[in-house]
Structure formats: structure tokens, C-alpha cells
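Here's the structure, in C-alpha cells; my notes come after.
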Amino acid sequence: MSSRRLPRLLQAPAVILLLFWMLVPLGMTLFFSFIRYVLASLNRPEWTTPSIDNWRGFGNYAFVLDSKDFLFAIQNSLLIVGGILFLTVFFGVMIAVLINKVFPGQGIVRVLLISPFFIMPAVNAVLWINMILDPVLGLNGLAIEGINSVIASMRDAPVVGWFFSLWPEFKPISFRATQTSAYAVIMMVTWQWTPFAVLIFMTSLQSEDEQQKEAAILDGAGKWSQFRFLTLPHLARPMAIVVMIQAIFHLSLYAEIEIVSRGNGNKNLPYLIGEFANNNIGAASATGIFAVILANIVAIFLLRAVGKTLME
Amino acid sequence: MGQIVLKDVVKKFGDTEVIPPLNLTIEEGEFAVFVGPSGCGKSTLLRLIAGLEDTTEGQVLIDGEDMTEVSPSKRGLAMVFQSYALYPHMTVRKNIAFPMRMAGMSEDEQNIRIEAAAKSLNLTDYLDRKPGQLSGGQRQRVAIGRAIVREPSAFLFDEPLSNLDAALRVGMRLEISEMHKRLKTTMIYVTHDQVEAMTMADRIVVLQAGVIEQVGTPLELYHSPRNKFVAGFIGSPKMNLLEGAEAQKHKAHTIGIRPEHIKVSTKAVKGAWKGTVGVAEHLGSDTFIHIHGVEGCDPMTVRAAGDVAVKHGDKVYLTPEKSQIHKFDEAGLRI
């Protein structure tokens, strides 16, 4: 017994600090979620201070569940996270395989590829929504305008003119609209986080066994079979890591959503919390607890999947 | 099926010529061993035959057909690698099935061949395991199984036993030899271990710096090495090479005498070489004695049958068997 006491004693400060770090905010959130607590109220000034006297039970939870945005926000959170995960892993693998070959300027290309990762999320969002996705001033608008003018000029061309005169005039897509703002967020975050996936896949590809590939070549495997049966299974582990880390990060996206559409038609749970927190701390806290539960559900699924690949 | 001919094959990496023009014929059904010190080009040669490296010049003929430009998988050769090169995420069954799957063979035919290969290699109980759960010897057997099921015209082995411990190596050596007796397929085996070469080969190809020093049966190489390099490389312990006065007596620049062809005595013998025992290695069946102080060769190794009672510092007298002395000229060639 006594031989264990000293190490435990020495560990204690760190463990206690971590416990406080975790438990105090969680406890406060839980407490606030069960009371009426607002930042400003002319009618009920007593609600502006957190107190057990303002006990509301599960009232805040019922209020959040009833609010029209809640289910939408959960759905949207999952759509955004799922979309980003799929696209970053897909592009990450493609780019990593592409630049794994030796070619002149490899070093520079790699640095350039990593660079989006060093841009601040808010800056990234401003650049994308204004310079690329804007239907008038952005690349989006300019490209559509260009295509339209090419089509217009082709209408008078001989032989094929009739074919182009059947074409309608294209309209640029507005990415601040209700239906599309989530896609804008997925695009910009994918752009920013693909380098992260590329980086991890690239290091993993460098540890791929060359003799295995040669054996596969002798066994008659073509390029595709080598990729399918050797490279992809080899990347399973780094993929699991990329998915897990990104899922944790992207469940809490905020800046991009704020900048793209101020939450119009595109809210996730953190954004909903932010909206409630303008005044209703009780409801914000209740949403926060829901967010914790959602994150845990996602984490359990991910840990199972990841754990399985890591065990092999 | 299975004759391999190398015709004026040259391999260059950039400006460095690893293999100068080289000609070699490996007959059908032969067990040929490429042996040489590391970096002598023996693995490169094997990879040229397999098609994993392109020849800079020259031709590779398999069964009389020019295969120089043919892709590795179409040459009908199977290779076993030093690191086994198994696919780690596939079970043993899937590993063995892989080449057949790539060839689009039917499931039934695949299973028949897998079962047969597994049976002959004692892998039946391990078919559903992954390579990570197998020992080194078992992994190497899986790699061999993967080669067998393709029914190749020749097997290529690239130092397949170097990653195994000594006891396993001896066992696997026998298994591969027996497999060759059974299948009667051409096999090319690369190793740096002359014991493997001597025990397994029908014909040994000794290489140094990309050049073939000698080609011959193990005993030819042992009894009449063509030059000093082959003499020193084949046989264990190494042949003793003497220069100077002692060699002059035999009208040669260098003379060589194998450790097992020297008689050792603790009593003075007329005309014998004199020396002092350095280290005596007692193996039970033999004693290897390393002797200092013999003119022209230091240390000289002697292999005496049975147990010889000598210890460090003892004075000994050495008599070589006259008939077993090899003579070499200044260029190192046999006289």
C-alpha cells in the first residue's frame, strides 16, 4: 500500500487540476440548464442572477427541444461534419498518392499544399465567401459570366450553333442562401483541412513496404489493384486518426457559419448555443448538454471503428 | 520449361556500372545459387531476371523467348523476398490466393491449390491467421506458398533465410531443397551465406562486383577454385592464403591451404610450420585453432577433427597435405 501512496500523491496535483478543469464548467453548465437564467429581463429582474430559487427542472430542455431550430441544428451538424470528413479523406488520399512520387519541385509543392492549414478559420471564411463563392464579385460569378458569354458567342457559330442555342443562360449559385450556406461551409473547411489529411497520409505512404509492392507486381497486380489491396488497407489507420481528430474539431465549427450567413438556414449546435446565449443562458446551457451528448454518441461510434482498426 | 539465359546483360545506375556485360545460362530444373559478398550485384541480377529492374543493355531469355521488355507478372516467375513481403492485412489464405485472384482464376481452383500448398508447407492450421500472428519461419512458408500456387516456370529466392534464426535456417534450407527435388522446377537462389550455397546448389555462381568469378558445382568450387577470391569465399572456415617465401617454394605468388587439410601436432615435426595457438574453438566434433606466428599468413586457421587438447600460448607444428595445396599467380588466378 505504502509503495503506491507516494506516486499517487505526486500525481494528485495534475489529476485534481484536470478534474476541476473538466468538472467545474460541466457542473456549472448542468446547474444553469436547470434554472431560469437570463442576462437581461425588465419583467423578472430576479432571473438575471443564477440562483437555485429560479429552479426550472427540465423546462429549459423542453424549451430547446421545442424550438424550431434544434433538430435542424443537429441534422446540420451531422451533415457538415460528415461532408467534411468524406471530402477531406477522399481528396487527402488522392493528393497524398499523387505527390508521393518523386518529381522536381516536390518540396515546394508540399509546403504549398500544407499552407491552407495555417490560415485562420475566420480569414478562410471571409476569403471564400467574398472572393470565390460570391455570385457577383467572386470567382463563382466571374466563371458563370464567362461560360455564359462563351455560349452566347457559340450560338451564332455555323454547324453547331443550333446546339448551343438550346442551352439556357446559367445563373451563379448564391452560397449565402438558406439551402446552400452549409455547402459553402463544407467547401471552405474541406479546403482548409485537406492539407492535414494529406500530411498524415503522406507520412504513412512513405512507410509503405516497397517489397510488398514488388511482390504484388510479380503476382500480377496492376496499379489499381496495388492501390486497392495494398495502399488503401495500409492507410486505414491514418484514416481513422484523421476522421477522429477532425470529427472532434468540426462538431464545434463556429466562425465559418457566422461569417457565411450569420446562421441563416445553416446552424449547428454550437451556433445555436451562441444564439441562445445572447440572452437565455438557461436554454444555451441545456443546448450545451445536448451537444455533449451528441459529441459522446459520435465519439462512441468513432472509437469503436477506430479502435477496431488500431487493434489489427 | 524454365531455362533462363542472360545475354550480354548490362545494368547501370546512372553512370555507375553495377553489372558489366554478363552471360549466364541457367538450365531447366536446375537449382542455381548466386553467392557473393554484399553489394556484389547478386540481388540486382535476380531483380533483372524478375523484371523488377530494367536491363540497360542485353537480353533476358526465358525458355528461349526474349523477355527483356515483358512486364514482371507476364514472365511466369515467382519470387520470395527476404522480408517475406506478405500482405499484412490479409489472412494467410488470402495472401496465397492473391496471385490467383489477380489472374482471375475460379474460386474452386483457387481453393484446391491453396489446400494443396498449405498441406505441403504445414500451413493448414494457420490459413485463417494474419501474417502478424505467425513466426518468421511460418511467414516465409506462406511466401513460398504464394509462389508455389502460381506454378511458375522458375522460382527466384532473394536471401529468403537471412531473417530467420540459425536453427530455423537449417530447417528451411532442407525444406526448400526437398521442394526442389519434388517440383523439379528451376530455382535461382541468392545468398551471401556460402554454407547455404554449398548445401543447396546444383550449380553455384560466385559473383564479385557484378562479375562472375566462377560457375560450377559446389565440389568443383571447393576442389578447384578458379582464383583467390573463390578460394577464400567458398569453404568454412576460410582457406588460408600464404604469400612470400613459403609460396616461392611452390613456384607461386600465393598458395592456399584449407584449414581441414593441415595436420597439427604439439611435438616438433621436421619441415613443419611453427606457430602459437591464439584461440582454440572447441565444437566437440571439430576444433578450430587460430594460430599466430606462421610466416605469410596470420592468423592461420586449422580445423582438426575431434577434440584436440591445445590452449592459448601453446607451441604447435603444422603440416599441410601436399596434394591439397592450391597455387595462384600474381593476378590471383589458379596455376
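For region A:153-168, check the following and say yes or no: at least one residue is touching a Pro at 6+ places or on another chain (Cβ under 9 Å), of a type outside the set (Lys, Arg) and in contact (Cβ under 8 Å) with a residue 12 or more places away in the chain. Looking for residues that are touching a Pro at 6+ places or on another chain (Cβ under 9 Å), of a type outside the set (Lys, Arg) and in contact (Cβ under 8 Å) with a residue 12 or more places away in the chain, one finds none in region A:153-168, hence no. Being more than 16 Å from residue B:205 (Cα to Cα), buried (at least 17 other Cβ atoms within 10 Å of the Cβ) and aliphatic (A, V, I, L, M) is the filter here, so list the residues in region B:8-50 that pass it. Passing the criteria: B:18, B:50. Note on region A:142-246: enclosed helices (runs of 4 or more DSSP H) holding 2 or more residues that are out of contact with any Asp or Glu (no Cβ under 6 Å at 6 or more places or on another chain) and surrounded by 14 or more Cβ atoms within 10 Å (Cβ to Cβ) are A:181-206, A:210-218, A:223-226.
For residue B:5, are the conditions met, namely being surrounded by 15 or more Cβ atoms within 10 Å (Cβ to Cβ), in contact with an Asp or Glu (Cβ under 8 Å, 6 or more places away or on another chain) and at pLDDT 90 or above?
In short, no.
When B:296, B:306 are screened for being in contact with a Gly (Cβ under 6 Å, 6 or more places away or on another chain) and either assigned by TED's automatic domain parsing to the domain that holds residue B:201 or at pLDDT below 90 (or both), only B:296 passes.
Within region A:234-257, restricting attention to residues that are in contact with a Leu (Cβ under 9 Å, 6 or more places away or on another chain) and over 14 Å from residue A:197 (Cβ atoms), which residue is nearest to the other protein chains (Cβ to nearest Cβ)? Ranking the candidates gives A:234 first.
Among the residues that make up region A:51-58, is at least one of them more than 14 Å from residue A:279 (Cβ to Cβ), part of a strand (DSSP E or B) and touching a residue at least 60 places away in the same chain (Cβ under 8 Å)? No, that holds for no residue. The residues in region B:147-163 that are of a type outside the set (A, V, I, L, M, F, W, C) and either assigned to a strand (DSSP E or B) or in contact with a Lys or Arg (Cβ under 7 Å, 6 or more places away or on another chain) (or both) can be counted, and the count is 1. Pairing residues of region B:193-207 that are within 9 Å of residue B:31 (Cα to Cα) with residues that are part of a helix (DSSP H, G or I), at Cβ distances under 7 Å and at least 6 apart in sequence or on separate chains, gives B:200/B:173; B:200/B:176; B:200/B:177; B:201/B:218; B:204/B:197; B:204/B:218; B:204/B:221.
Elements of the type strands (runs of 3 or more DSSP E) sitting completely within region B:1-109 and holding at least 2 residues that are within 14 Å of chain A (Cβ to nearest Cβ): these cover B:77-80. Residue check: is residue A:72 more than 30 Å from residue A:186 (Cα to Cα) and assigned to a helix (DSSP H, G or I)? In short, no. When residue A:305 is tested against (1) modelled with pLDDT under 85; (2) within 18 Å of the chain's Cα centre (by Cα); (3) among the aliphatic types (A, V, I, L, M), only condition (2) is not met.
The values are calculated or read from the model by the stated rules, or taken from the named source; none is laboratory data. These numbers were taken from a predicted model, which means no experiment stands behind them. Cβ: placed from backbone, ideal geometry, glycine included. Neighbour counts: every protein chain shown.
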